[in-house]
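Notes to accompany the following structure.
The values are calculated or read from the model by the stated rules, or taken from the named source; none is laboratory data. Since the model is a prediction, treat every value here as computed from it, not as a measurement. So basically every Cβ, Gly included, is an ideal-geometry build from the backbone, and we count neighbours across all protein chains shown.
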Amino acid sequence: MNLSKETRALAAQAEEALFDIFKKIDETARLRTEQLLDVFREERVSESLFAPSTGYGYGDRGRDTIDRIAAKVFGAQAGFMRPSILSGTHALTIGLFGLLRPGDIMLSITGAPYDTLHGVIGISGEPGNGSLADFGIKYMQVELGSDGGIDLPTVGAALDQYKDKIRVVFLQRSKGYQNRKTLTVAEIGEAAAFVKQNAGWNPYVVLDNCYGEFTEEKEPCACGVDLMIGSLIKNPGGGLADCGGYLVGTEQAVALAANRLTCPGVGLEVGASLGQNRNLLRGLFYAPHTTAQALRTAHLAAYMFQHLGYAVNPTPFERRSDIIQTVQLEQGEALVEFCRGIQSASPVDAYVSPEPWDMPGYDDPVVMAAGAFVGGSSIELSADGPMRPPYLAFLQGGLTYESARLGIMAAAERCGAKK
């Protein structure tokens, strides 16, 4: 690649400065890999589990084993991990429709959720399209506090006012298209405990865990979350799952979600694996290592772009609870150039020049760099952002640090120092 000596030197400087951070990332990956292998051994993973099923999928041992592994790896009572789940938004839709009933309130305590969930809830979109609002389910939200954390006093006031009408208390771990901090497992656990202590009717605590898996030593299900949801073309698929999503949590919450995955009375008993069991298990095996590669990439990007004068979040030496890095580019042209730099170092479609377009489910045109082996995969190096001030680039992923490093350098070359 045609990269300047100055850019290469800046990347080397960043790696030297980030040595201790990288070491800690690798320690977490080693721990999570050991935990995962213990589960694989306990569940007797073998070649026979890779056999595909068709039709109803009755008796698919591999599928059922993967469901149990998903629960154990994430510290939950029960769960399922299925290739038939199309995206993280689809997985969240399954969970929310499984738990909520007409007249219930869904209370988000991390402000507005990710853009693609707005139509599911009924915040946006045409009435009558099948949203939660169409079924008489109300939505309320509590904004994050001035420090970026959960505003527990305001949450407590909402619980006290609406009481058992609140059936789901919803949290989003990652920032979505907001420039806020990501919640740590400890913060999520504190919020879950607060809800349980202050709500005598025991509402479900539901977490959008996308981008956060394997970044810490444990997952939020170990800290009181009733239903945790994510996508397999993000962290837990390890870059090898072709599609899919997961829902894990308490037995009751998972059973209700399973009835929405298929239908009541059937639940998890059906669902052909269609030859995807091998990819799901292999991707899960790779997930701690691949997530570590993505975390290294995020720290490198933060260091380099802060050095070039841009505002970054998180900052280079902050510990992370997800793989997303934002770079505030201030101008739409700079955001497009950032994405073009990332695209130019991709293994797939490196020759393509990203342009903003009206993506389904988003309120503004979005520019996206996504030279991935799996369409839409954001554990592979990708970058995107809505075309609205302050023109934030949301960077995530990196199957290998070595290749992602080149992408960061290419983006830095295109953007240059902030003027």
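Key figures
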| item | result |
| --- | --- |
| Selection status of E330, touching a Phe, Trp or Tyr at 6+ places or on another chain (Cβ under 7 Å) and at positive phi | yes |
| Condition met for L171 (closer than 19 Å to L227 by Cα, in contact with an Asp or Glu (Cβ under 8 Å, 6 or more places away or on another chain), at pLDDT 95 or above and in the same structural domain as E213 (by TED's automatic domain parsing)) | yes |
| Test result for G130, in the same structural domain as L152 (by TED's automatic domain parsing), in a helix (DSSP H, G or I) and more than 23 Å from N277 (Cβ to Cβ) | no |
| Selection within segment 378-417 - part of a loop (DSSP other than H, G, I, E, B), surrounded by fewer than 24 Cβ atoms within 10 Å (Cβ to Cβ) and in contact with a strand residue (DSSP E or B) (Cβ under 9 Å, 6 or more places away or on another chain) | M387, P390, Y391 |
| Flag if R167 is part of a strand (DSSP E or B) and surrounded by fewer than 24 Cβ atoms within 10 Å (Cβ to Cβ) | yes |
